1. Keeping to the stretch 11-48, report how many residues are more than 20 Å from the chain's Cα centre (by Cα) and outside any helix (DSSP H, G or I).
2. For the structure I just gave you, tell me whether residue 83 is part of a loop (DSSP other than H, G, I, E, B) and either more than 14 Å from the chain's Cα centre (by Cα) or at pLDDT 85 or above (or both).
3. Report yes if some residue within the stretch 215-229 is surrounded by fewer than 22 Cβ atoms within 10 Å (Cβ to Cβ), assigned by TED's automatic domain parsing to the domain that holds residue 55 and on the phi > 0 side of the Ramachandran plot; otherwise report no.
4. Residues being in a strand (DSSP E or B), more than 19 Å from residue 191 (Cα to Cα) and more than 16 Å from the chain's Cα centre (by Cα): count how many of those fall in the stretch 225-265.
5. Residues that are in the same structural domain as residue 89 (by TED's automatic domain parsing), under 16 Å from the mean Cα position of the chain (by Cα) and touching a residue at least 24 places away in the same chain (Cβ under 8 Å): does the stretch 100-111 have at least one?
6. Every residue in the stretch 1-10 that is part of a loop (DSSP other than H, G, I, E, B) and either in contact with a strand residue (DSSP E or B) (Cβ under 9 Å, 6 or more places away or on another chain) or surrounded by 11 or more Cβ atoms within 10 Å (Cβ to Cβ) (or both), please.
7. Residue check: is residue 125 modelled with pLDDT of 90 or more, more than 28 Å from residue 95 (Cβ to Cβ) and either in the same structural domain as residue 76 (by TED's automatic domain parsing) or exposed (fewer than 13 other Cβ atoms within 10 Å of the Cβ) (or both)?
8. Applying the selection to the stretch 139-153, what residues are farther than 21 Å from residue 218 by Cα and either part of a helix (DSSP H, G or I) or touching a residue at least 40 places away in the same chain (Cβ under 8 Å) (or both)?
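The values are calculated or read from the model by the stated rules, or taken from the named source; none is laboratory data. These numbers were taken from a predicted model, which means no experiment stands behind them. Don't worry about glycine lacking a Cβ; one is built from the backbone with ideal geometry, like all the others, and counts go over all protein chains shown.
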């Protein structure tokens with residue numbers, strides 16, 4: 001079940017409700033990265049985690065389990081956060097490691113690497129004439145960034161992505177904030193990654209409260225997976241419209257996310 005974001009209670013104004021749901025349970029926190037822990041920037045390589053957010057995460061990681069679940073390459077987000085003891089799930093949960101995971105790390109869709117590389121090459125060739133477009137190949141996913149594309153050229157990007165979607169319906173295409181994410185034909189997403197982590201970390205028990213915080217439509221799989229068993233918190237972007245969400249609460253911007261996490265720590 002989804003609701004308009006404006007209908008959700010603001011978590012910082014309803015901490016009593018949050019505390020009531022947390023009472024007697026151990027929290028485990030799952031966090032998106034871009035737009036949740038760090039501001040979205042014009043180019044993915046320009047992003048940076050603030051010192052304040054890093055210290056907040058470090059303090060929180062000393063007290064409870066944390067996993068960062070990002071659309072970025074796992075090694076990229078691990079470097080950007082740089083805190084030991086945190087689980088890092090990159091490529092929308094397709095690549096998971098760190099945080100003392102028992103056994104081996106989880107890699108899903110690795111046999112599709114060459115296939116996804118060909119997808120990236122095809123889209124690069126189709127969009128080579130569009131200034132500002134960035135095709136990011138992330139081993140098991142491809143991202144088409146158009147934040148720096150002139151408004152008059154955005155239609156060309158949409159046509160290329162729509163054409164790919166129509167020709168290859170077996171792939172999953174997720175449209176986020178100025179980016180289209182193309183995932184391989186594998187039944188896996190952020191929600192399944194979160195549920196898998198709860199299981200392997202032996203946290204899939206009634207005394208644990210999973211909390212997921214994210215800002216984009218790519219986080220909806222996780223919000224839906226935790227409905228009825230955890231708490232989803234949607235980060236709102238002032239001035240930007242977004243469709244309905246399966247989250248339980250909302251929080252306004254990255255600074256408010258840091259305030260909430262600091263309070264939880």
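1. Start the filter on the stretch 11-48 by keeping residues that are more than 20 Å from the chain's Cα centre (by Cα), which leaves 12-26.
In the following step, the residues that additionally are outside any helix (DSSP H, G or I) were identified as 14, 23-26.
The qualifying residues number 5.
2. On the way: part of a loop (DSSP other than H, G, I, E, B): yes; either more than 14 Å from the chain's Cα centre (by Cα) or at pLDDT 85 or above (or both): yes.
Considered against the rule, which asks whether it is part of a loop (DSSP other than H, G, I, E, B) and either more than 14 Å from the chain's Cα centre (by Cα) or at pLDDT 85 or above (or both), residue 83 comes out as yes.
3. yes
4. Step one: filter the stretch 225-265 for residues in a strand (DSSP E or B), giving 231-236, 245, 249-252.
Retained after the next criterion (residues that are more than 19 Å from residue 191 (Cα to Cα)): 236, 251-252.
Then drop every residue that is not more than 16 Å from the chain's Cα centre (by Cα), which leaves 252.
Residues meeting the conditions: 1.
5. Scanning the stretch 100-111, I find no residue that is in the same structural domain as residue 89 (by TED's automatic domain parsing), under 16 Å from the mean Cα position of the chain (by Cα) and touching a residue at least 24 places away in the same chain (Cβ under 8 Å), so the answer is no.
6. We begin by selecting, within the stretch 1-10, every residue part of a loop (DSSP other than H, G, I, E, B); these are 1-2, 4, 8-9.
Across the stretch 1-10, the qualifying residues are 2, 4, 8, 9.
7. When the stated conditions are applied, residue 125 does not pass them.
8. Listed by number, the residues that qualify are 151, 152, 153.
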